[in-house]
Structures are given as C-alpha cells and as structure tokens.
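What follows is calculated from the coordinates using simple rules that are stated; it is not laboratory data. Values in this document were obtained by computation on a predicted structure and should not be read as measured data. Here Cβ is always computed from backbone atoms with ideal geometry, including for glycine, and neighbour counts include all displayed protein chains.
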Amino acid sequence: MLHHRPRELCETGQVRRQNLDDLVRLRRARDRMDRDYGEPLDVTALARDALMSPGHFSRSFRAAFGESPYSYLMTRRIERAKALLRRGDLTVTEVCFAVGCTSLGSFSSRFTQLVGESPSAYRARSHDHGAAIPACMAKIHTRPVRNGGASPATEP
C-alpha cells in the first residue's frame, strides 16, 4: 500500500533540501574566498558561482556565517597582509595589491579597524616575539578581530 505524505511535509522537505543545497554552495563560495583572496572577487561573481542572485547570496551568506561576503573577504585579506608585513620585505603598497585590494586607502582603513594600528606601524614594529611560535598557532593568535579593533598587545 502506498502512503502519501501530507503536503506540508513534502514542502518542508523540499525547503530543507534547498537550504542544504544553498549551504553547500555558500561554503564553496567561502572556500573560494579563502583560496583566491588575492584575485578580484566581488559579490556578483561569487553569487553567480553559487547559482544565486547577488542579493540572495549576500543575505544567505550573512545568515550562514554571521557577516557579509565583503567583510569575510576583507578579513582574509588582512590576515594575509599581516603575515606579509611581518616578513618586512614588501612595502605597504605592495602588500595591499598582493592581497587583492585595489585601494591603498580602503586597505589601510580596514587594516587599522581590524588590527588596531596602521599597516605601516604594524610593519615597523618588532615581531620577533612570535618567532618561536608554530605558524599554525601564530595564525590563531594574529587573526584580525571583527567588530572592533584588536589591541597590538593581544599579539603573541
């Protein structure tokens, strides 16, 4: 005997499946930002890859990950910029472009907002205290803080 499910259950199941499919595509977009942070990425291109409209992509990304796609991408870029600035062999401008930013002013503003000091000041100060820390641990402790600047004293 064939059992029929109530219509509400079928629709709920379809909605859940759609949400899971969306989440998979959003994770792929986030992975792309992690991998290709230095490339020119924008919401329109990421949304197209996720098979979503830009508006739906932005809303869904924020709902899934707690921040906008732009904010997430800029945090990844600043994270990488910190590593390049610690090396000390590149200028702030070279670092800005190496991490995919196209405006030195926007890069510097966002860096200062997330890190708590300007890229030039960050580059100029000593980072020797972190030399004995394994890279995987240094990455955790030097990750930019969203929603407010980090104090330079919070670095390892």
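Entry remark, the stretch 87-122: residues being closer than 21 Å to GLU39 by Cα and polar (S, T, N, Q) number 7 in total. Checked against the criterion of being farther than 17 Å from CYS101 by Cα, over 13 Å from the mean Cα position of the chain (by Cα) and not acidic (Asp, Glu), the candidates ALA63, ALA45, ALA29 yield just one match: ALA63.
Figure legend. Inter-residue proximity from the stretch 97-109: first residues touching a residue at least 40 places away in the same chain (Cβ under 8 Å), second residues surrounded by 15 or more Cβ atoms within 10 Å (Cβ to Cβ) and of a type in the set (A, V, I, L, M), beta-carbon distance below 7 Å, spacing 6+ or different chains. Indicated pairs: ALA98/LEU84; ALA98/LEU90; VAL99/ALA81.
Evaluation of LEU51 against the conditions (1) free of Cβ contacts under 8 Å to residues at least 40 places away in the same chain; (2) in contact with a helix residue (DSSP H, G or I) (Cβ under 8 Å, 6 or more places away or on another chain); (3) assigned to a helix (DSSP H, G or I) shows that the sole unmet condition is (3). Can you confirm whether THR93 is closer than 13 Å to ALA29 by Cβ, of a type in the set (Val, Ile, Thr) and either in a helix (DSSP H, G or I) or in contact with a helix residue (DSSP H, G or I) (Cβ under 9 Å, 6 or more places away or on another chain) (or both)? Spelling it out, it is not the case that THR93 is closer than 13 Å to ALA29 by Cβ, of a type in the set (Val, Ile, Thr) and either in a helix (DSSP H, G or I) or in contact with a helix residue (DSSP H, G or I) (Cβ under 9 Å, 6 or more places away or on another chain) (or both). State whether one or more residues within the stretch 67-86 are of a type outside the set (A, V, I, L, M, F, W, C), over 18 Å from ASP34 (Cα atoms) and in contact (Cβ under 8 Å) with a residue 12 or more places away in the chain. The answer is yes, given that some residue of the stretch 67-86 is of a type outside the set (A, V, I, L, M, F, W, C), over 18 Å from ASP34 (Cα atoms) and in contact (Cβ under 8 Å) with a residue 12 or more places away in the chain.
Just one residue in the set GLU79, GLU67 is in a loop (DSSP other than H, G, I, E, B) and out of contact with any strand residue (DSSP E or B) (no Cβ under 9 Å at 6 or more places or on another chain); that residue is GLU67.
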